[in-house]
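The values are calculated or read from the model by the stated rules, or taken from the named source; none is laboratory data. For clarity, every value in this text was computed on a predicted model and none was experimentally measured. Neighbour counts run over all protein chains shown; Cβ positions are idealised from the backbone, glycine included. Quick note on the areas: whole protein, heavy atoms, side chains included, nothing else; ligands and nucleic acids left out. Shrake-Rupley method; radii C 1.70, N 1.55, O 1.52, S 1.80 Å.
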Amino acid sequence: MQDDKAGGVPIRTVKSFLSKIPSVITGADIVQWLMKTLNIEDPGEAIHLGSLIAAQGYLFPISDHVLTLKDDGTFYRFQAPYFWPSNCWEPENTDYAIYLCKRTMQNKARLELADYEAENLARLQRAFARKWEFIFMQAEAQVKIDRKKDKTERKILDSQERAFWDVHRPVSVYGISEDSQMQSPVHRVAQTAKKPAKDDLKKQITFLNIQLDRHCLKMSKVAESLVSYTEQYLEYDPLLTPQDPPNPWISDDSTFWDMESSKEPSQQRVKRWGFSFNEMLKDPAGREQFLKFLESEFSSENLRFWLAAEDLKKRPLLEVPDKVQETWQEFLAPGAPSAINLDSHSYEITSQNVKDPGRYTFEDAQEHIYKLMKSDSYARFLRSNAYQELLQAKKKGKSLTGKRLTGLMQSS
C-alpha cells in the first residue's frame, strides 16, 4: 500500500494556505485501493478494514488523533516502519517522559501539550523525581539533533512520533519497570550525559521496589475476595444453583411471575439487600422499604433527591430544564421544603450547573448524598428491627411454603 510505484496509494505533497503539507494520502484513496486490491465490493467493509489498520498505528490522520478511516478528502500519513507494531518494542514510561519533555521545548502552537498530556507529564515528573534531570538532558540532546534535520523531514517525523504515542502511550505511571534504555523511541542516539552512579542506581531500585509494594495487591487477597464474592452470590446464579421457583421460560410454573408482581419480596431478595447498598437501590421493593425507614427517621429527603437525580438522567431533553428547577426548588434552594445537607464544595458546583441545566446537573450532589446514605442510613437500616423482622418473616414464610409443597407431593 505504501509503495506508490508498485501500485500503492499515491503519496503527494498538498499546497495549503502559505504552506505545504508533505507526504499525505486521502481517506478516499485508501478506501479505493482496498476495494480494488482485495476485491471488496462493499465500501463499508473497506472503511472498517482501514480503521483496523489505523487503530494498530500503520497510518494516521494528520488533523486529529481519532484513529479511524474516513472515505473523504481527510489527509492521512503512513507510519514509519520503525514504529510498526511488528517492529515495535514495549514502550516505557521513561520513553514517554522524554517525548513529552521534547514537546515542551518546541515552541510551536501545533506541538503544545494537550490537557491529558500535561497531566501525564506532571505525574511522570513526580514518579521520576530523582532521575528527572537525567530525563530532561536526554530530551534536550535529542531536540538538538532534530533541529539539524530538514524542516520537511522534521515535520513528518514529529507527526509520526506523536501518532505512535497516541496508540502506545502508557496508561499509568505505576508499576514502573527498571529502564536501562533512556532514549526516545524515535532516535536511538548515543548517550550524551554521564551514566548515573552506582549509589544512585541502588537508591532508584529501592524507591521503585517501595512503589511496587505500595501499589500491588497480594494474589492470595485477590483469590480470597473472589471466593467470598462467588459464595455470596452462589444461590443467585441460575447456572450453579437450581432456581426456586423454577424459570418460567423453560417450565410451566408461573410462580415466579406471581412473586414478581406481588408487593411482598421473596426471602432471597430481602437477603440480597444486605450485600451492598447498590443491591438494595436496584430493587424497587428495597427502595420502598428503605424509604419507609428513612421516613421514620425524618430523613427521607436524601433518598427522594437521589431518585429525582436518577429520573432526571432519563428525561427527554425538552423536559430537563423544568425538572432541574423543580428539583432545585424542592431540595437545594434557600428555604427548600425538603432541604438536603450538602457540603459547600458540592453545593457551589451544583449552583453553577443549574445555570446551564443538563441531565447531569446534580451529579456531584447526588454522589455526596449517595455516600452519606451508604455510610450512615444504610448501616442503620440493616440493624433496624424493620429489616430484621422482614428478613425473619420471609424465612418463616419460605419454610412454611416448603412444608406445604412437601405435603402436597406426599399426598399425590
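The table for this structure:
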read-out: Every residue from the range 232-265 that is within 30 Å of Leu372 (Cβ to Cβ) and modelled with pLDDT of 80 or more; value: Gln232, Tyr233, Tyr236
read-out: Test result for Asp4, open to solvent by 50 Å² or more (accessible area, probe 1.4 Å), among the charged types (D, E, K, R) and out of contact with any Cys (no Cβ under 8 Å at 6 or more places or on another chain); value: yes
read-out: Whichever residue in the range 229-267 is surrounded by 10 or more Cβ atoms within 10 Å (Cβ to Cβ), among the hydroxyl-bearing types (Ser, Thr, Tyr) and within 23 Å of Gly286 (Cβ to Cβ) and, among such residues, is nearest to the chain's Cα centre (by Cα); value: Tyr229
read-out: Listing of strands (runs of 3 or more DSSP E) fully contained in the range 9-126 that carry 1 or more residues being surrounded by fewer than 20 Cβ atoms within 10 Å (Cβ to Cβ), modelled with pLDDT of 80 or more and of a type outside the set (Val, Ile, Thr); value: 12-16, 19-26, 75-78
read-out: Subset tally (residues that are open to solvent by 50 Å² or more (accessible area, probe 1.4 Å) and among the small types (Gly, Ala, Ser)) for the range 329-386; value: 5
read-out: Residue in the range 301-321 that is part of a loop (DSSP other than H, G, I, E, B), closer than 21 Å to Lys282 by Cβ and more than 31 Å from the chain's Cα centre (by Cα) present; value: no
read-out: Cβ pairs under 8 Å, 6+ apart, first in the range 277-301 and without any contact (Cβ under 8 Å) to a residue 40 or more places away in the chain, second open to solvent by 20 Å² or more (accessible area, probe 1.4 Å) and of a type in the set (Lys, Arg); value: Glu279/Arg272; Leu281/Arg287; Asp283/Arg269; Asp283/Arg272; Ala285/Lys263; Ala285/Arg269; Gly286/Arg269; Leu291/Arg304
read-out: Considering residues of the range 47-86 that are small (Gly, Ala, Ser) and within 19 Å of Asp4 (Cα to Cα) only, the residue nearest to the chain's Cα centre (by Cα); value: Ala54
read-out: The listed residue being open to solvent by less than 70 Å² (accessible area, probe 1.4 Å), in a helix (DSSP H, G or I) and closer than 30 Å to Gln392 by Cα, out of Phe275, Phe293; value: Phe293
